[in-house]
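Student: Quick one: the structure is below, and I'll ask about it shortly.
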Ligand SMILES: [Fe+2]
Ligand SMILES: [Fe+2]
């Protein structure tokens, strides 16, 4: 929906050099099994890189329009999730996969997925900054808990809505409950498929959760824990970190053109 050019020179770098840079971005944390080159030629010459949330049709078309040969995306290219079983070749006929992969091929775009590396490097921290959270008082890594001035869920939800710039958000739980310890199941961590991490955050003492995206299973889970959940959005909670990373990449490769692309919203409220 919106592409911001972070730096402006045109010079050639091989995609593999950027891949090697990504592999050492977080010290002592090699790329995960779900990260790395996912399509195209890792030895392609690159003058422009786009950083975006998910390699959707909209994003791939924007990448091509910007003339970027490399797309660094945070989320998965294909559906279904690989852990649901079955190889990609069994699902290449799915329209979503045909469209995305067909466009990557047509435009000669190389795709690199940077997932947990970017979550660890900056995505969760930047979400906490956007929300204006200060001190971490419990937990570590993905299950940290931030202290805030005691407030009602209703007031906190209004602040969250303003800070992330959404027209409407979902809130699950008692709006009049006073809360002061915030857990952040950002991105897709607030989904029931990540119930283990949600549970860990609650066991760290969070009395309210500000999520990326959530679902009814997870909402009914946290209601039974008397821990209200304020939902923002998956991309909304991760894109501040991705934009920050694009700026960082531009600093590290000053001759490269780096473009951050903010995804169009995935839904509307009527
Ligand atoms: Fe993430
Ligand atoms: Fe995510």
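The values are calculated or read from the model by the stated rules, or taken from the named source; none is laboratory data. Computed from a predicted model, the values in this text were never measured in an experiment. Don't worry about glycine lacking a Cβ; one is built from the backbone with ideal geometry, like all the others, and counts go over all protein chains shown.
Student: For residue 136, state whether it is closer than 18 Å to residue 233 by Cβ and either in contact with a strand residue (DSSP E or B) (Cβ under 6 Å, 6 or more places away or on another chain) or more than 16 Å from ligand 2 (Cβ to nearest atom) (or both).
Tutor: Considered against the rule, which asks whether it is closer than 18 Å to residue 233 by Cβ and either in contact with a strand residue (DSSP E or B) (Cβ under 6 Å, 6 or more places away or on another chain) or more than 16 Å from ligand 2 (Cβ to nearest atom) (or both), residue 136 comes out as no.
Student: If you check 33, 62, which single one turns out to be in the same structural domain as residue 105 (by TED's automatic domain parsing) and either modelled with pLDDT under 95 or in a helix (DSSP H, G or I) (or both)?
Tutor: Result of the check over 33, 62: 62.
Student: Given the conditions (1) at pLDDT 95 or above; (2) more than 16 Å from ligand 1 (Cβ to nearest atom); (3) part of a loop (DSSP other than H, G, I, E, B), which single one is not true for residue 269?
Tutor: Residue 269 satisfies every listed condition except (1).
Student: Of the residues 183, 187, 173, which single one is within 16 Å of ligand 1 (Cβ to nearest atom) and on the phi > 0 side of the Ramachandran plot?
Tutor: 187
Student: Now for a separate question. Is there a residue in region 69-77 that is closer than 21 Å to residue 262 by Cα, more than 20 Å from the chain's Cα centre (by Cα) and not assigned by TED's automatic domain parsing to the domain that holds residue 186? Steps first, please.
Tutor: Just the residues of region 69-77 that are closer than 21 Å to residue 262 by Cα, to begin with: 69-77.
Those left that are additionally more than 20 Å from the chain's Cα centre (by Cα): 69.
Now narrow it down to the ones that are not assigned by TED's automatic domain parsing to the domain that holds residue 186: 69.
Checked region 69-77: at least one residue is closer than 21 Å to residue 262 by Cα, more than 20 Å from the chain's Cα centre (by Cα) and not assigned by TED's automatic domain parsing to the domain that holds residue 186.
Student: Scan region 67-121 for residues that are in a helix (DSSP H, G or I) and within 16 Å of ligand 2 (Cβ to nearest atom) and jot them down.
Tutor: Pass one, region 67-121, residues in a helix (DSSP H, G or I): 82-84, 88-90, 95-107, 116-121.
Hits for region 67-121 are 82, 83, 116, 117, 118, 119, 120, 121.
Student: Sort through 214, 192, 237 and tell me the only one that's in contact with a helix residue (DSSP H, G or I) (Cβ under 7 Å, 6 or more places away or on another chain) and more than 13 Å from ligand 1 (Cβ to nearest atom).
Tutor: Working: 214 fails: in contact with a helix residue (DSSP H, G or I) (Cβ under 7 Å, 6 or more places away or on another chain); 237 fails: more than 13 Å from ligand 1 (Cβ to nearest atom).
Among 214, 192, 237, only 192 is in contact with a helix residue (DSSP H, G or I) (Cβ under 7 Å, 6 or more places away or on another chain) and more than 13 Å from ligand 1 (Cβ to nearest atom).
Let's see how each residue does on (1) in a helix (DSSP H, G or I); (2) surrounded by fewer than 15 Cβ atoms within 10 Å (Cβ to Cβ); (3) more than 16 Å from ligand 2 (Cβ to nearest atom):
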| residue | (1), (2), (3) |
| --- | --- |
| 126 | yes, no, no |
| 148 | no, no, yes |
| 160 | yes, no, yes |
| 166 | no, no, yes |
| 171 | no, no, yes |
| 175 | no, yes, yes |
| 181 | no, no, yes |
| 198 | yes, no, no |
| 202 | yes, no, yes |
